[in-house]
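Comments concern the structure below.
The values are calculated or read from the model by the stated rules, or taken from the named source; none is laboratory data. For clarity, every value in this text was computed on a predicted model and none was experimentally measured. Cβ placement follows ideal geometry from the backbone for every residue including glycine, while neighbour counts extend to all protein chains displayed. The protein model used for the area step is the full one, side chains on, heavy atoms only, and it has no ligands, DNA or RNA in it. Shrake-Rupley method; radii C 1.70, N 1.55, O 1.52, S 1.80 Å.
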Amino acid sequence: MNRPAFPRRRRRYRGSALLLTLSFATALFATGVPALLDRSQTSSLRQALTASDSITRAMVATATDTAVIQQDAAPPSADALDQALNDYAAQIPASAAPEAGQAWNGMQLSTTLPLTARNGADAQIDLEYRDATTAHTRLLAGVMPSAAVAASGTALPVFDVALSAATAKLYGARVGSVLTSAHAQVRVTGIYEPSDPSSAFWQYDGTLETPAYVSKRPDGDFWATAALIDSAELPALAALDNVEGIAGTLDIVYCVPLDTSGYIARNVGSLSTVLTGFESGAATVQLNAQTAAGPLPVLTAFQQQRTVADSVLALVLTGVAAIDAVAILLCARLVIGRRRGHFALLRARGQSRTQLARQVCVGLALPSLAVTALAAAAVRLALPANWTPLNTALLGAVAAVGLIVPPLLAVIEHRGESSVHQGRHDLVRRRRTPRRRVLELLLLLLAVAAVVELRQQGLGGAQQGSNTLGTLTPILVAALATAVAVRCYPLLLRPAARLAERRGGPASFLGLTGAARSAIPLAAPAFVITLVMTIAALGGLLLQSVDAGRAANSWQALGADAVVTTPSGTGWATASRAVSAIEAVAGVTHATALSSQPDGDESGTVVAVVDPSSYAAVSADSPWPLGSALPTRHVSGPVPVLVDKGSGYALGARLVIQPAYAPQIEAEVAGYVAQTPVAPAGIATGAGLVLVPSWAVAADAAYWPTTEILVSGSGIDRGAMAAALSRSLPGGAAVGYRSDILAGYADAPLANLTEFGYLLGILLAGGLGVCGILLSLGLAGPARGRRLTLLTTLGLTPRQARGIALAETLPLAAVTALGGLLATAALPAVFGAALNLSVFTGLSGPSSLAFDPGIPLLAALLAMALTALGVAVQATAAGRRGAGTQLRMGEDVDA
């Protein structure tokens with residue numbers, strides 16, 4: 001008996017290629033994005049550690065040898081120091097990766113010895129012992145030191161030392177030179193240069209390599225230098241402690257460099273915990289020492305930033321995952337729906353639901369599982385070191401969705417008595433649907449709970465851990481907005497259909513009545529587009545908030561577009577000439593000079609003398625224009641001043657200002673000021689600010705040398721600025737630019753990585769949103785095509801067919817856009833000040849979102865335009881098919 005032959009292509013699941021593609025993309029996203037972020041965060045961590053100095057990349061412990069304070073006590077020997085170092089290094093956690101053979105120890109007197117430099121300048125020298133000297137130095141002349149001896153004819157000890165080339169040049173010394181101090185003589189036996197100047201050996205005390213000029217000290221300016229001694233000179237070094245005029249002790253240092261190149265981001269938390277325990281544990285207690293340096297501050301700061309970054313990324317990436325899941329659901333429904341007739345016939349012939357599920361599982365679920373495994377294998381091969389338990393969990397979730405959803409949809413659709421033809425649903429007529437009401441109530445309760453938790457715990461707090469419910473807030477808000485929009489759909493559609501009936505014309509009336517009796521559920525397609533709009537709006541608001549925060553941080557850090565620190569003692573006449581020269585520079589708008597000094601009552605109040613007119617002009621170009629202007633000319637009576645609001649003075653109150661270095665000023669409060677360019681970060685707690693007009697101190701100008709010049713303007717010519725300052729301020733002036741602070745954000749790898757992450761998430765959400773629109777059109781395509789073909793046989797023109805298709809679809813698009821606008825409008829109120837964007841902006845504390853309708857409106861217009869284009873293409877394609885073929889669409893002939 002010959003069986004009827006059916007085309008093999010009819011036995012395949014039409015549309016399965018799209019489902020398998022979505023499953024592959026979902027698995028790739030779920031496993032690849034976390035692995036890629038882990039790799040990038042690890043790279044950011046290593047960049048941060050590399051950017052720090054070598055001392056930060058080492059465990060450094062310091063101790064004071066209290067035994068040598070006692071008379072005749074011997075200092076630790078070199079062997080004892082080596083043994084202590086070995087014991088210390090052995091207890092450093094292996095996860096910190098101590099470098100073998102790179103540890104060193106040292107000892108020095110805490111008090112330096114005064115000397116005189118070659119040019120007569122004051123200098124001080126520190127005598128230091130290091131056990132690994134030869135491994136880090138390159139001799140240029142002479143030999144390394146040996147032992148100290150008593151100077152001939154004096155009681156002064158003579159220390160054999162080695163000097164760096166820079167220090168020898170400062171003292172004019174060479175091999176054999178003797179430098180004399182009041183307490184010792186220093187004989188130069190060798191001159192060296194560092195063989196590894198960037199190592200912790202040299203960076204722990206940079207004066208061993210290069211003299212440092214120390215200024216603004218009570219005892220005057222001097223050159224700080226250091227010299228290397230031998231271990232045999234330690235007793236003589238300890239003996240200096242008992243010399244009259246030297247009150248010091250022996251300071252001991254133990255340093256173990258770490259290999260931080262192998263640190264990974266996901267282990268930072270555990271490594272920080274281990275290092276914290278080590279720094280306060282037995283290793284330092286045994287040495288009677290304390291940790292002086294190590295990577296813990298960098299690791300702690302990175303972990304705090306990573307927590308914030310992960311929380312912000314979770315908002316976008318969790319939303320993308322939800323969109324992806326719904327897209328797979330729509331695609332599976334499309335594929336299963338195209339075989340509805342075949343499955344109904346099989347059920348009518350006696351096939352059980354278990355057999356139906358097994359058939360769908362073999363035809364769809366197993367291929368989906370295979371492509372999921374293929375995507376996971378690709379990620380595992382590309383990023384083997386970044387595969388984590390999270391990747392495994394996400395892969396399991398994706399595999400479960402692909403394995404369960406298609407059979408489950410088939411079983412649910414054919415769980416009752418089977419029928420090849422299904423009735424239509426009238427979406428306009430209200431029905432009592434308890435399950436729907438329960439679902440909507442559950443969404444409302446979950447959304448309220450998420451908002452409450454978000455407000456109480458915040459999102460991304462460094463000490464708060466994971467806020468899972470808060471992370472789901474955008475999804476819950478979008479779902480709730482979708483429910484509201486779907487509820488509004490019949491209310492909007494009924495009057496539109498009546499209006500179309502009165503105006504006449506078949507296109508709008510038939511289209512709207514078709515939309516009213518559509519068999520396609522609204523919730524899933526509307527949720528996809530609503531969530532896409534929500535995620536896009538959230539990302540846009542985050543970008544705007546970050547940009548605003550960075551700008552605010554740059555203003556608070558500097559106060560003006562450029563700040564010139566004038567040389568000490570610059571008078572007002574010189575500063576005025578400098579201001580004129582600066583204002584002639586291209587890009588400069590205004591400039592003003594000011595002088596500031598503390599109040600003499602030690603309250604922390606700063607008294608600032610400003611030129612009223614020019615300072616008001618510069619303030620007007622900042623975020624803090626001077627609300628209460630100071631008089632520009634001399635007025636009789638007390639001097640009008642501006643004070644901070646927290647000063648406690650009422651308007652018109654009299655006060656006496658007593659600057660630290662100038663005569664007192666009789667003043668009267670003319671107004672208040674909070675933030676202003678001279679105090680850009682606001683008035684600190686317990687401090688204050690008083691703005692005094694410059695004409696009030698003209699008679700005492702000698703007591704008020706200018707300290708700064710504030711400059712406003714964009715695109716300032718830096719070369720011209722430097723030339724103007726070199727001519728007008730020959731003593732040397734330092735310039736800080738606000739644009740440099742903004743440019744510094746480009747060098748923040750973790751912040752840039754997070755921005756890239758949520759931009760990538762927004763793009764993925766947009767692509768999935770387009771896919772969701774096309775799937776929604778595909779679900780409605782066969783029924784719409786049969787209807788249009790039937791109407792075409794009754795005389796409908798192709799143009800009218802396209803009009804009907806658009807009128808049938810655009811209400812759904814409009815309701816979807818309404819849901820998206822509702823969700824995005826609620827975002828600022830939902831999040832409030834719960835976002836912590838300090839990792840991006842540098843500002844402390846939470847950040848607020850400001851609603852911007854531009855992004856959601858653009859997304860809504862794009863969604864509606866894409867829907868209209870897809871429907872027009874569908875209508876055109878339907879018109880080109882034969883009537884018989886079109887009317888049989890949706891029937892599965894391989895039954």
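Against the definition (touching a strand residue (DSSP E or B) at 6+ places or on another chain (Cβ under 7 Å), outside any strand (DSSP E or B) and either within 21 Å of residue 708 (Cα to Cα) or charged (D, E, K, R) (or both)), how does residue 630 come out, yes or no? Yes, satisfied. Residues of region 598-627 that are surrounded by 21 or more Cβ atoms within 10 Å (Cβ to Cβ) and assigned to a loop (DSSP other than H, G, I, E, B): 611, 626. The number of residues in region 726-774 being small (Gly, Ala, Ser), in a loop (DSSP other than H, G, I, E, B), surrounded by 14 or more Cβ atoms within 10 Å (Cβ to Cβ) and modelled with pLDDT of 70 or more comes to 1. For region 241-256, check the following and say yes or no: at least one residue is outside any helix (DSSP H, G or I), modelled with pLDDT of 90 or more, touching a Ser or Thr at 6+ places or on another chain (Cβ under 8 Å) and surrounded by 21 or more Cβ atoms within 10 Å (Cβ to Cβ). Scanning region 241-256 turns up no residue that is outside any helix (DSSP H, G or I), modelled with pLDDT of 90 or more, touching a Ser or Thr at 6+ places or on another chain (Cβ under 8 Å) and surrounded by 21 or more Cβ atoms within 10 Å (Cβ to Cβ). The residues of region 21-51 that are under 19 Å from the mean Cα position of the chain (by Cα) and small (Gly, Ala, Ser), listed by number, are 35, 40, 43, 44, 48, 51.
Spot the failing condition for residue 112; the list is (1) closer than 18 Å to residue 173 by Cβ; (2) open to solvent by less than 70 Å² (accessible area, probe 1.4 Å); (3) at pLDDT 85 or above, and only one is missed. So the condition that residue 112 fails would be (3). The requirement of being surrounded by fewer than 16 Cβ atoms within 10 Å (Cβ to Cβ) and in contact (Cβ under 8 Å) with a residue 12 or more places away in the chain is fulfilled nowhere in region 315-323; no residue meets it. Among the residues of region 821-841, those identified as open to solvent by 10 Å² or more (accessible area, probe 1.4 Å) and either of a type outside the set (A, V, I, L, M) or at pLDDT 75 or above (or both) are 821, 822, 825, 826, 828, 829, 830, 832, 836, 838. For residue 535, the conditions (1) open to solvent by 20 Å² or more (accessible area, probe 1.4 Å); (2) under 29 Å from residue 745 (Cα atoms) all hold with the exception of (1). In region 374-389, of all residues being in a helix (DSSP H, G or I) and surrounded by 14 or more Cβ atoms within 10 Å (Cβ to Cβ), the one that is farthest from the chain's Cα centre (by Cα) corresponds to 374. Kindly check whether there is at least one residue in region 692-704 that is at pLDDT 90 or above, part of a strand (DSSP E or B), under 19 Å from residue 605 (Cβ atoms) and not acidic (Asp, Glu). There is at least one residue in region 692-704 that is at pLDDT 90 or above, part of a strand (DSSP E or B), under 19 Å from residue 605 (Cβ atoms) and not acidic (Asp, Glu). I want to confirm something. Restricting to region 310-338 and keeping residues that are out of contact with any Gly (no Cβ under 8 Å at 6 or more places or on another chain) and of a type in the set (A, V, I, L, M), which single residue is farthest from residue 274 (Cα to Cα)? The residue in question is 336. Scan region 335-344 for residues that are surrounded by fewer than 20 Cβ atoms within 10 Å (Cβ to Cβ) and under 28 Å from residue 393 (Cα atoms) and the total you get is 0.
For residue 332, the requirement of being assigned to a helix (DSSP H, G or I), touching a Pro at 6+ places or on another chain (Cβ under 6 Å) and over 16 Å from residue 31 (Cα atoms) is met. Condition first: in a strand (DSSP E or B), within 26 Å of residue 296 (Cβ to Cβ), at pLDDT 85 or above and open to solvent by less than 10 Å² (accessible area, probe 1.4 Å). Can you find one or more residues in region 82-99 that meet it? Checking region 82-99: not a single residue is in a strand (DSSP E or B), within 26 Å of residue 296 (Cβ to Cβ), at pLDDT 85 or above and open to solvent by less than 10 Å² (accessible area, probe 1.4 Å). Here residue 672 clears all of (1) under 21 Å from residue 597 (Cβ atoms); (2) assigned to a strand (DSSP E or B) except the condition numbered (1). Candidates in region 546-569 are the residues that are of a type in the set (S, T, N, Q) and out of contact with any Pro (no Cβ under 9 Å at 6 or more places or on another chain); of these, the one that is surrounded by the fewest Cβ atoms within 10 Å (Cβ to Cβ) is 565. Among residues of region 37-52 that are modelled with pLDDT under 85, those with a beta-carbon under 7 Å from a residue that is of a type outside the set (A, V, I, L, M) and assigned to a loop (DSSP other than H, G, I, E, B) at least six positions away or on a different chain give the pairs 38/388.
Of all residues in region 159-181, those that are closer than 18 Å to residue 139 by Cα and open to solvent by less than 20 Å² (accessible area, probe 1.4 Å) have Cβ atoms under 6 Å from Cβ atoms of residues that are hydroxyl-bearing (Ser, Thr, Tyr) and assigned to a loop (DSSP other than H, G, I, E, B), 6 or more apart or on another chain, in 160/146. State yes or no: is residue 661 part of a strand (DSSP E or B), in contact with a helix residue (DSSP H, G or I) (Cβ under 9 Å, 6 or more places away or on another chain), open to solvent by 30 Å² or more (accessible area, probe 1.4 Å) and modelled with pLDDT of 85 or more? The answer is no for residue 661.
Being surrounded by 14 or more Cβ atoms within 10 Å (Cβ to Cβ), of a type in the set (Val, Ile, Thr), under 36 Å from the mean Cα position of the chain (by Cα) and under 24 Å from residue 575 (Cα atoms) is the requirement here; does residue 641 meet it? It would help to see each step written out before you state the result.
Details: surrounded by 14 or more Cβ atoms within 10 Å (Cβ to Cβ): yes; of a type in the set (Val, Ile, Thr): yes; under 36 Å from the mean Cα position of the chain (by Cα): no; under 24 Å from residue 575 (Cα atoms): yes.
The answer is no for residue 641.
Could you tell me whether residue 650 is assigned to a loop (DSSP other than H, G, I, E, B) and not hydroxyl-bearing (Ser, Thr, Tyr)? Considered against the rule, which asks whether it is assigned to a loop (DSSP other than H, G, I, E, B) and not hydroxyl-bearing (Ser, Thr, Tyr), residue 650 comes out as yes.
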